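Working notes, structure below.
The values are calculated or read from the model by the stated rules, or taken from the named source; none is laboratory data. Predicted model only: the values in this text are computed from it and were never measured. Counting neighbours? That spans all protein chains shown, and the Cβs are built from the backbone with ideal geometry, glycine included. Note: accessible area is taken over every heavy atom of the protein model, side chains too, but ligands, DNA and RNA are not part of it. Shrake-Rupley method; radii C 1.70, N 1.55, O 1.52, S 1.80 Å.
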Amino acid sequence: MYRFLLSRQWVILTLLSLALIPTMIELGFWQFHRHERRVEQNELIARNLEAAPVPMTDLTSPGHTVPRSDYWRRVTATGTFDTEREVVVRRRTNSDDKVGVMVLTPLVLADGRAVVVNRGWIPAAPNQRTYPAVPPPPKGTVTVAGRLKADETSKGSGIKDLAGLPPRQVMLINSAQQAELTGRTVLGGYLEQTAPKPAGDSPQQVSAPDHGSIGAHMAYAIQWWLFVAGVPVGWVVLVRREVRDRRAAAAQPTAPEPTPAAASASA
């Protein structure tokens, strides 16, 4: 009765089912690991945002790569803004998903080194090759507070690729690039400003990163694992249905062949 399982159709179906099981198990673990990374990142953000602010010079130095453990650490820096070497970062969005630019202004410390400060978002100029009207920062010595961020990099364009860009416009927030543009010694990473607040709320300062939601990755993981359990169940259901149909077909009576006498009478 079960010899049909050796047919080509059923062999293919069985092999496909066996291949789906490890694939869906792996997809479930992939979503589970994404859930774990999201939870870990949320805890890191919350921990660093709640920590007491420290001088930026305590966490970074020229050429330093900011480690992930220091992302979003609350830091301060005291100096004077160098507006002559200010640049804007193209193609950035604000909280309303409007496309504009970020304003990067070097903050020169007392020892002559500089900190790259992301002062926030402003609309781009109507002609994107024109430098936009940037609200000025406070004059004189000022203490800036914010979040420590790592340098942005791009393998596609490279951090030194400024070919074709208008003057004082860049694509990345990168301390090494800013060191070349300003001719100063620049601390690694950059400061995402949160204080002092700009007059008139422009530039729009970057909001704190979302760390309250964990997404649906765990639900997706459970869903994939339920599919794993459903594959053998579905296979058994199909086999039993095939067996039932074959038994029903075998149990149906066949019409008897006519006898010669009956055939003559009908003729």
* Structure fact -> The answer for trypsin sites (Lys or Arg not before Pro) in the range 45-137 that fall in a DSSP coil and have at most 10 neighbouring Cβ atoms within 10 Å is ARG129
* Asked: With all protein chains present, how much of the accessible area of the chain (probe radius 1.4 Å) comes from carbon and sulfur, to the nearest whole percent?
  -> 57 percent
* Among bridges DSSP assigns within the chain, what percent are antiparallel (round to 5)? -> 80 percent
* Nearest-20 debye value, the chain charge dipole, Cβ charges on Lys, Arg, Asp, Glu -> 480 debye
* Asked: From the residues SER95, GLN41, VAL237, which one has its Cα farthest along the dipole of the chain in the positive direction, the dipole being from +1 and -1 charges on Cβ of Lys/Arg and Asp/Glu about the Cα centre?
  -> VAL237
* Structure fact -> Under the 7 Å Cα-to-Cβ spin-label approximation, THR83 and ARG68 lie apart by a distance in nanometres of 4.0 nm
* Semi-axes, largest first, in whole Å: what does sqrt of 5 times each Cα gyration tensor eigenvalue give for the range 89-150? -> 24, 14, 10
* Send over a whole-number figure in Å² for the accessible area per residue of the range 56-110, probe 1.4 Å. => 49 Å²
* Net length gained if the chain between SER213 and GLU40 were fully extended (0.36 nm per residue, minus Cα distance) -> 61.1 nm
* Structure fact -> So VAL231 and ALA110, fully extended at 0.36 nm per residue minus their Cα-Cα distance, gain in nm 36.8 nm
* Compute the FRET efficiency between GLU180 and HIS33 as 1/(1 + (r/R0)^6), taking r as their Cβ-Cβ distance and R0 = 45 Å, and round to the nearest 0.05. => 0.70
* For q = 0.08, 0.14 Å⁻¹, Debye-computed log10 I/I(0) when each Cα of the chain counts as one equal scatterer -> -0.53, -0.99
* At 0.692 mPa s and 37 °C, Stokes diffusion of the range 8-91 via Kirkwood alpha-carbon radius, µm² per second -> 182 µm²/s
* To do: Note the full-extension length gain between ARG8 and ALA251 as 0.36 nm times their separation in residues minus their Cα-Cα distance, in nm to one decimal.
  => 85.0 nm
* **Contact order relative to length of the chain, as percent, for alpha carbon pairs under 8 angstrom and 6 or more apart** => 25 percent
* Considering only SER7, GLY120, THR143, whose Cα is most displaced toward the positive end of the charge dipole of the chain, charges sitting on Cβ of Lys, Arg (+1) and Asp, Glu (-1)? -> SER7
* Take the alpha-carbon positions of the range 92-199, form their convex hull, and give its projected area averaged over all directions (one quarter of the hull surface) in nm². => 7.5 nm²
* Structure fact -> Taking R0 as 35 Å and r as the Cβ-Cβ distance between THR76 and THR153, the FRET efficiency 1/(1 + (r/R0)^6), rounded to the nearest 0.05, comes to 0.85
* Asked: So which residue, out of SER175, SER207, SER17, gets the largest mean-square fluctuation from a GNM of the chain using Cα contacts under 10 Å as springs?
  -> SER17
* Most fluctuating residue of ASN127, ASN42, ASN94 in a GNM of the chain with Cα springs under 10 Å: which is it? -> ASN127
* To do: With the Cα gyration tensor of the range 1-51 in hand, convert its eigenvalues to equivalent ellipsoid semi-axes via √(5λ) and list them largest first in whole Å.
  => 48, 6, 4
* Structure fact -> For VAL239, placing the label point 7 angstrom along Cα-to-beta-carbon and taking the range 21-36, residues whose amide nitrogen sits under 19 Å are 21-22
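Viscosity 1.306 mPa s, temperature 10 °C: Stokes-Einstein D of the range 76-122 from its Kirkwood Cα radius, in µm² per second?
139 µm²/s
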* Using a Gaussian network model of the chain whose springs link C-alpha atoms within less than 10 Å, name the residue from LEU104, LEU49, LEU20 with the highest mean-square fluctuation. => LEU20
* Within the set of other residues whose C-beta is less than 15 Å from the C-beta of ILE214, count the net charge using Lys and Arg as +1 and Asp and Glu as -1. => -1
* **Neighbourhood charge, 15 Å Cβ-Cβ cut-off, centred on PRO126 and excluding it, Lys, Arg +1 and Asp, Glu -1** => +3
